[in-house]
Amino acid sequence: INNIKTFNRLNLNGERSIDFILENDIVFNKKFLPFHPNGMKFTALLSSGKTTSSTFYSIGGGFVVKEERKNAKKQLKKFKEFPFPIVKGTDLSAFCKQENK
(Lines give C-alpha, C1' and ligand atoms only; values in the text may rest on other atoms or scores of the structure.)
Protein backbone atom coordinates (compact mmCIF):
# COMPACT_ATOMS: atom_id res chain seq x y z
CA ILE A 1 0.00 0.00 0.00
CA ASN A 2 2.86 2.37 0.77
CA ASN A 3 4.33 1.74 -2.71
CA ILE A 4 0.95 2.48 -4.30
CA LYS A 5 0.64 5.72 -2.34
CA THR A 6 4.25 6.74 -3.03
CA PHE A 7 4.40 5.94 -6.74
CA ASN A 8 0.70 6.14 -7.72
CA ARG A 9 1.13 2.82 -9.55
CA LEU A 10 -0.56 -0.54 -9.10
CA ASN A 11 1.36 -3.69 -9.95
CA LEU A 12 -0.89 -6.30 -11.59
CA ASN A 13 0.64 -9.69 -10.80
CA GLY A 14 4.09 -8.54 -11.88
CA GLU A 15 2.89 -8.54 -15.49
CA ARG A 16 1.82 -4.94 -15.86
CA SER A 17 1.77 -1.71 -13.90
CA ILE A 18 -0.98 0.91 -14.17
CA ASP A 19 -1.53 4.44 -12.90
CA PHE A 20 -3.47 4.24 -9.65
CA ILE A 21 -4.27 7.05 -7.23
CA LEU A 22 -5.71 5.40 -4.15
CA GLU A 23 -7.90 8.35 -3.12
CA ASN A 24 -9.43 8.70 -6.61
CA ASP A 25 -9.52 5.13 -7.87
CA ILE A 26 -11.22 3.41 -4.93
CA VAL A 27 -14.73 4.70 -4.29
CA PHE A 28 -16.69 3.57 -1.24
CA ASN A 29 -20.40 3.97 -1.86
CA LYS A 30 -22.78 4.24 1.07
CA LYS A 31 -25.61 2.43 -0.75
CA PHE A 32 -25.81 -1.35 -0.89
CA LEU A 33 -25.93 -3.09 -4.23
CA PRO A 34 -29.36 -4.60 -4.97
CA PHE A 35 -28.48 -8.29 -4.95
CA HIS A 36 -26.73 -8.55 -1.53
CA PRO A 37 -25.28 -6.02 0.94
CA ASN A 38 -21.74 -7.44 0.72
CA GLY A 39 -21.11 -6.48 -2.88
CA MET A 40 -18.23 -4.93 -4.73
CA LYS A 41 -18.23 -3.59 -8.29
CA PHE A 42 -14.96 -3.36 -10.21
CA THR A 43 -14.81 -0.99 -13.17
CA ALA A 44 -11.84 -0.74 -15.51
CA LEU A 45 -11.01 1.79 -18.22
CA LEU A 46 -9.44 -0.11 -21.10
CA SER A 47 -6.67 1.22 -23.32
CA SER A 48 -9.27 1.37 -26.12
CA GLY A 49 -11.20 3.96 -24.10
CA LYS A 50 -14.06 1.56 -23.35
CA THR A 51 -14.99 0.55 -19.82
CA THR A 52 -15.85 -2.85 -18.45
CA SER A 53 -17.13 -3.90 -15.05
CA SER A 54 -17.91 -6.95 -12.95
CA THR A 55 -19.77 -7.20 -9.67
CA PHE A 56 -19.05 -9.76 -6.97
CA TYR A 57 -20.88 -10.62 -3.78
CA SER A 58 -19.64 -12.25 -0.59
CA ILE A 59 -22.71 -14.21 0.42
CA GLY A 60 -21.40 -15.85 3.59
CA GLY A 61 -19.73 -19.10 4.46
CA GLY A 62 -16.72 -18.25 2.31
CA PHE A 63 -18.80 -18.06 -0.88
CA VAL A 64 -18.11 -15.27 -3.38
CA VAL A 65 -20.26 -15.13 -6.48
CA LYS A 66 -20.17 -13.06 -9.62
CA GLU A 67 -23.36 -11.25 -10.50
CA GLU A 68 -24.91 -12.20 -13.80
CA ARG A 69 -27.69 -9.76 -14.51
CA LYS A 70 -29.74 -12.10 -16.69
CA ASN A 71 -29.74 -14.82 -14.06
CA ALA A 72 -29.78 -12.80 -10.83
CA LYS A 73 -33.19 -14.04 -9.63
CA LYS A 74 -32.38 -17.62 -10.53
CA GLN A 75 -29.00 -17.35 -8.77
CA LEU A 76 -30.58 -15.86 -5.63
CA LYS A 77 -32.86 -18.90 -5.45
CA LYS A 78 -29.82 -21.17 -5.84
CA PHE A 79 -27.96 -19.42 -3.00
CA LYS A 80 -30.89 -20.01 -0.68
CA GLU A 81 -30.63 -23.72 -1.48
CA PHE A 82 -26.96 -24.16 -0.56
CA PRO A 83 -26.47 -27.57 1.03
CA PHE A 84 -24.93 -26.22 4.24
CA PRO A 85 -26.59 -23.86 6.76
CA ILE A 86 -23.71 -21.38 6.72
CA VAL A 87 -24.14 -17.63 7.06
CA LYS A 88 -20.98 -16.59 8.90
CA GLY A 89 -17.55 -17.94 9.76
CA THR A 90 -18.63 -19.29 13.15
CA ASP A 91 -21.35 -21.32 11.38
CA LEU A 92 -18.72 -22.81 9.09
CA SER A 93 -16.48 -23.68 12.03
CA ALA A 94 -19.34 -25.35 13.93
CA PHE A 95 -20.43 -27.26 10.84
CA CYS A 96 -16.86 -28.51 10.22
CA LYS A 97 -16.60 -29.71 13.83
CA GLN A 98 -20.01 -31.41 13.53
CA GLU A 99 -18.93 -33.18 10.33
CA ASN A 100 -15.47 -34.01 11.73
CA LYS A 101 -13.77 -32.02 8.94
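The values are calculated or read from the model by the stated rules, or taken from the named source; none is laboratory data. Every value quoted in this text rests on a predicted model; they were computed, and no experiment measured them. Cβ: placed from backbone, ideal geometry, glycine included. Neighbour counts: every protein chain shown. Quick note on the areas: whole protein, heavy atoms, side chains included, nothing else; ligands and nucleic acids left out. Shrake-Rupley method; radii C 1.70, N 1.55, O 1.52, S 1.80 Å.
Taking the criterion of being out of contact with any strand residue (DSSP E or B) (no Cβ under 6 Å at 6 or more places or on another chain) and in contact (Cβ under 8 Å) with a residue 12 or more places away in the chain, the residues of region 9-24 that qualify are 21, 22.
Under the condition of being of a type in the set (A, V, I, L, M) and not in a strand (DSSP E or B), which residue from region 5-38 is most open to solvent (accessible area, probe 1.4 Å)? Walk me through how you get there before you give the answer.
Applying the first criterion (of a type in the set (A, V, I, L, M)) to region 5-38 yields 10, 12, 18, 21-22, 26-27, 33.
Checking the rest, the ones that are also not in a strand (DSSP E or B) come to 21-22, 26-27, 33.
Numbers: 21: 71, 22: 44, 26: 72, 27: 106, 33: 55 Å².
Among those residues, the one meeting the criterion is 27.
Residues in region 46-57 that are open to solvent by 50 Å² or more (accessible area, probe 1.4 Å) and within 21 Å of residue 34 (Cβ to Cβ) were compared, and the one that is farthest from the chain's Cα centre (by Cα) is 51.
Are any residues in region 54-86 at pLDDT 70 or above and of a type outside the set (S, T, N, Q), and if so, which ones?
56, 57, 59, 60, 61, 62, 63, 64, 65, 66, 67, 86
Counting only residues that are assigned to a strand (DSSP E or B) and of a type in the set (D, E, K, R), which one in region 39-69 is farthest from residue 28 (Cα to Cα)? So, considering only residues that are assigned to a strand (DSSP E or B) and of a type in the set (D, E, K, R), the one farthest from residue 28 (Cα to Cα) is 66.
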